[in-house]
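Take a look at the structure set out below.
Derivation of every value follows stated rules applied to the coordinates shown; laboratory data play no part. No experiment lies behind these values; they were computed from the predicted model shown. Positions of Cβ are generated from backbone atoms using ideal geometry, with glycine treated the same way; all protein chains shown enter the neighbour counts.
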Amino acid sequence: MSLSRFAISFVFVAAALAGCAKPPVERAVLTQTTTTEAPVVTGAILKASAPISQQPIPERIFSTGHLGGRTLAVGSSSDIALRQGEVILTFDDGPRPGKTSQILASLDHFGVKATFLMLGSAAEANPKLAQLVANKGHTVGSHTFGHVDLTTLSRQEAVDEIAKGERAVALALAGSGQTLSPFFRFPYLAQNGFLRTNLMQGSVVVLDVDVDSKDYYKETADVVLQRTLSRLDARGSGIVLFHDIHQRTVDLLPRFLSELEQRGYTVVRLVPKDNGVFGRDVITADVPSQNGTL
Ligand SMILES: [Zn+2]
């Protein structure tokens, strides 16, 4: 590491240590480096006109980087066997401009990977954002095209709606080097035996939910946070459902991940064991516009 890189890194660390009002836990590094006289470091990041401890910094939440857990290769629902303390993070209904990218930033900060069950309509409208999710190393599955309660449709209509969603998400990812994974979640968790069997026979993995955050309720981020944590603690592990379309979810996610870390959980990354027909990049003349907004 060059001297300048070191200096910049040091400024970040020193500033974060000095200014974080509520570090989630006492860490050994705090006792080693926190002093009443923070050294003034000149550089491009912060002006040295005031002691670092008096300079405004964004609120930070520490991560030790210990939250990232196993990668689980999944070919069917039965492969999703979690151990005590393991969590799978899922985000439905996106991608959503202004929200999804903030969710990605929080996941990046804690070094964890999630699974995004995208709506075909949302991916079609925001292809670059869909690609960003995939390029960040997250797993992208589908969630129908228009968020329809499939149990209200005829069998053929329901199958068509699922396929339309899969195709739209696959098309949104086309050209990015990433592909749709064969994970699917039923809108409203509304399903029936026919559809579930039909999907399984098509090598689709239906993702169930163990802990529903209910982040779509008009409640504060803190209420959603506490409920989700208590339900997870009661189970000890599980697949957690969030939605990357709500501001309260954006707001609570850093604290949720920090709590997971403190409580000793790890976040399991889901990847397809065999992408099958989903593993081929979509080659088509009607690749979506690359001008979509994030
Ligand atoms: Zn949904």
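Observations on the structure shown:
- Of all positions in the stretch 101-109, none carries a residue that is out of contact with any strand residue (DSSP E or B) (no Cβ under 7 Å at 6 or more places or on another chain), hydroxyl-bearing (Ser, Thr, Tyr) and within 16 Å of the ligand (Cβ to nearest atom).
- In the stretch 169-187, the qualifying residues are those that are more than 15 Å from the ligand (Cβ to nearest atom) and either under 15 Å from GLU124 (Cβ atoms) or without any contact (Cβ under 8 Å) to a residue 12 or more places away in the chain (or both), and the one that is surrounded by the fewest Cβ atoms within 10 Å (Cβ to Cβ) is GLY175.
- The single condition from (1) within 16 Å of the ligand (Cβ to nearest atom); (2) surrounded by 15 or more Cβ atoms within 10 Å (Cβ to Cβ); (3) not hydroxyl-bearing (Ser, Thr, Tyr) that ALA190 fails is (2).
- The lone criterion from (1) under 18 Å from THR139 (Cα atoms); (2) assigned to a helix (DSSP H, G or I) left unmet by THR197 is number (1).
- Residues of the stretch 125-165 that are touching a residue at least 60 places away in the same chain (Cβ under 8 Å) and surrounded by 21 or more Cβ atoms within 10 Å (Cβ to Cβ): ASN126, PRO127, LEU129, THR139, GLY141.
- Within the stretch 72-100, the set of residues being over 26 Å from ASP233 (Cβ atoms) and away from the ligand (no atom under 16 Å from the Cβ) comprises ALA73, GLY75, SER76, PRO97, GLY98.
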